[in-house]
Structure formats: C-alpha cells, structure tokens
Amino acid sequence: MAEPLIELKGISKSFGDALVLDEVDLTIYQGEALAIIGPSGTGKSTILRIISGLLAPDAGEIYIKGERRRGLVEDAEDPIGIGMVFQQAALFDSLTVEENVGFLLFQHSKLPRRVIRSLVNQKLEMVGLPRIGDRYPSQLSGGMRKRVSFARAIMSNPENPKDTPEVLLYDEPTAGLDPVASTVIEDLIRQLQCNEGGCTSYVIVTHQDSTIRRTADRIVFLYRGKVQWSGSLSEIDTTDNALIRQFFSGSVEGPIQVAG
Ligand SMILES: Nc1ncnc2c1ncn2[C@@H]1O[C@H](COP(=O)(O)OP(=O)(O)OP(=O)(O)O)[C@@H](O)[C@H]1O
C-alpha cells in the first residue's frame, strides 16, 4: 500500500452562510493520480486551494508527509513541494514566456540569469514547447498557454530540492480546449507524472469525461460538502451509486439537484 502523502481530516470551509466543505476527509497517496469530480460549485477548486496552502480551512487538520501544516503556504514549511496549475493559465501578459516560467527564480533566487534560462528551456521542452521563450502569452493559443503554465508549475530551484513539486494540483486543465488540444494536455499530465526520479502524485479537478478517463487512477465524487463516493476508474462504469450514474449520463433526473 502506498504511503499517504497529504491527508485532509475533517476539513470544513464556509463562504458567508454557505457551508462548502463539511468535515471532508481525503488522503492523497504517494504516486497516485486522483481526480476530484462533482457538480459545479461543490467546492472542488476550494479543496485544491486548501491543499496548496493558498486558502485556510475554517476547521480540520492537514498533514503533509505526516507533519501537521499550520498556517498558509507562506508561513508553513511543507516537507514537500506542491505545484498548482490554475484554471486560467494566469500568465503575466506583459512578461515573455521565459520570464513567466522562471518568474519565482528570477525574483527570489541568486542563480545567474543564464542558469535560470537554461532551466526554463528544459521545462519548456518537457511540455513540448521548445524555443518559444521570447514570445508573449497573447501570441499563444489557449492550449499553449496551459502548457506554459504547466512548465511554470514544475519549475524548481536546484539549490533547494524541496522546491521540486512532489504533488501537482490541476484545476480544470482542459476546460475550453477542443478535443485534440485536450488530448495533448491529458498526455502531458501523464508524461509529467513519472521520470527517472520516480512518480509524483497529482490531483486533478475536471468536468471532462475524456480527461477523467485518461488521467485518473482513482476518483472521488464531491457533493453537498462531502466525499460521496470514491473508487477506481473502472468502477465509474460499473457502480450502482446513483450520483455517479447520473453524473456520467448527464441526466437531469436523479439525486443531483440542478442549480438554477
Ligand atoms: N473566495 C470566495 N468567496 C465567496 N464564495 C466563494 C469563494 N470561493 C468559492 N466560493 C463559493 O464556494 C462554492 C464552491 O466554489 P468552488 O469554486 O470551489 O466550486 P467548484 O466545485 O470548483 O465549481 P466549478 O466546478 O463550477 O468550478 C461556490 O458556491 C462559490 O461561489
């Protein structure tokens, strides 16, 4: 059995009067590919932001490799790096691709510019976009911008090994892409998972059937603030769970209440 890497225990989060996460328990294991799915507005992005340390829960505990995290990412020293790929590629329009990908190292490390540029080029090659460092985000397609944001998420400082992400969090990485561009991104997510150093873990939030099927090993279904179902990829087609059956059939009849 793989080791637990990240454990959420009894995590609750409200926005105003709305209880979005209600004592959620979730474990992410070493090397696993986990998809969090569920209807719109059920708190999937909120969970990712809590895991990344960008958002504090109202209640509950988070353990990273067995160590309890206290506070947000800027004041907690997580024992592993956690990289986040946001729903929008979130690139700075006024900066080149190279400056975007190497942003943190250019700003916060003492590494020579030449070394950072070479690291950036290495990451751009890994995402299949060599030689585009001089371009600006506005000159790229949506799929290319996503891949640039992947390159930025896997950047790490060679002087600080803990900087290398052991977990990547993807928030709807294929939203708004055509089926072929989605396949490129799905393949890339799988390729980035394993290298000579072993396999990292990732958590992906997605609504797209193809992305769920091509990138997930295990799936958790979130609804009404709770994990309602968890199973392997093959089980989504065989389970009797009414939520899963309705979600994948797209039917308006069933236990999932259609918003609006
Ligand atoms: N910063 C915030 N302030 C107020 N409400 C928020 C905030 N962030 C999220 N919410 C609300 O919390 C609920 C869950 O949002 P979240 O984005 O996590 O859902 P989701 O499952 O990722 O949705 P979708 O699938 O549509 O992206 C929504 O009702 C949203 O409006």
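For this structure, a couple of remarks:
- Expressed as a whole percent, the accessible surface of the chain that belongs to carbon and sulfur atoms is 48, based on a 1.4 Å probe.
- Build a GNM of the chain with springs between Cα atoms under 10 Å apart, and of Gly16, Gly102, Gly133 the one that fluctuates most is Gly16.
- If you sort Phe15, Phe221, Phe106 by accessible surface, 1.4 Å probe, largest first, the order is Phe15, Phe106, Phe221.
- Computed over the chain with a Gaussian network model linking Cα atoms closer than 10 Å, the most mobile of Glu77, Glu235, Glu159 is Glu159.
- Among beta bridges identified by DSSP and lying wholly in the chain, the antiparallel ones come to about 55 percent.
- C-alpha center-to-center spacing [the stretch 31-102, the stretch 193-260] in angstrom: 19
- In a simple Cβ point-charge model (Lys, Arg +1; Asp, Glu -1; nothing else charged), the chain has a dipole of about 680 debye relative to its Cα centre.
- Of Lys13, Lys110, Lys226, the residue with the largest accessible area leads and the full order is Lys110, Lys226, Lys13 (1.4 Å probe).
- The relative contact order of the chain comes to 24 percent, based on Cα pairs under 8 Å that sit 6 or more residues apart.
- Taking every lysine pair in the stretch 4-249 that is 8 or more places apart or spans two chains, those with Cα atoms closer than 15 Å amount to 7.
- Figure legend: label point modelled 7 angstrom from the Cα of Glu67 along Cα→Cβ; residues of the stretch 1-22 with amide N under 20 Å from it are 3-9.
- Pair Arg135, Ala242: separation of 7 Å Cα→Cβ label points (nm): 4.9
- The length gained by stretching the chain between His207 and Ser94 to full extension, at 0.36 nm per residue less their Cα-Cα distance, is 37.6 nm.
- Using a probe of 1.4 angstrom and keeping all protein chains present, the accessible surface of the stretch 184-226 works out to 40 square angstrom per residue.
- Taking the helices alone, the chain has a mean residue ellipticity at 222 nm of -8500 deg cm²/dmol, built from -39,500 (n - 2.57) per DSSP H run of at least 4 residues and averaged over all its residues.
- Of Met84, Met126, Met155, the one that fluctuates the most in a GNM where the chain has Cα springs shorter than 10 Å: Met126
- Estimated from the Cβ-Cβ distance and a Förster radius of 30 angstrom, the FRET efficiency linking His108 and Glu3 is about 0.50.
The values are calculated or read from the model by the stated rules, or taken from the named source; none is laboratory data. Everything quoted here is computed from the prediction, not taken from an experiment. Counting neighbours? That spans all protein chains shown, and the Cβs are built from the backbone with ideal geometry, glycine included. In case anyone asks, the SASA skips ligands and DNA or RNA and just uses the protein heavy atoms, side chains included. Shrake-Rupley method; radii C 1.70, N 1.55, O 1.52, S 1.80 Å.
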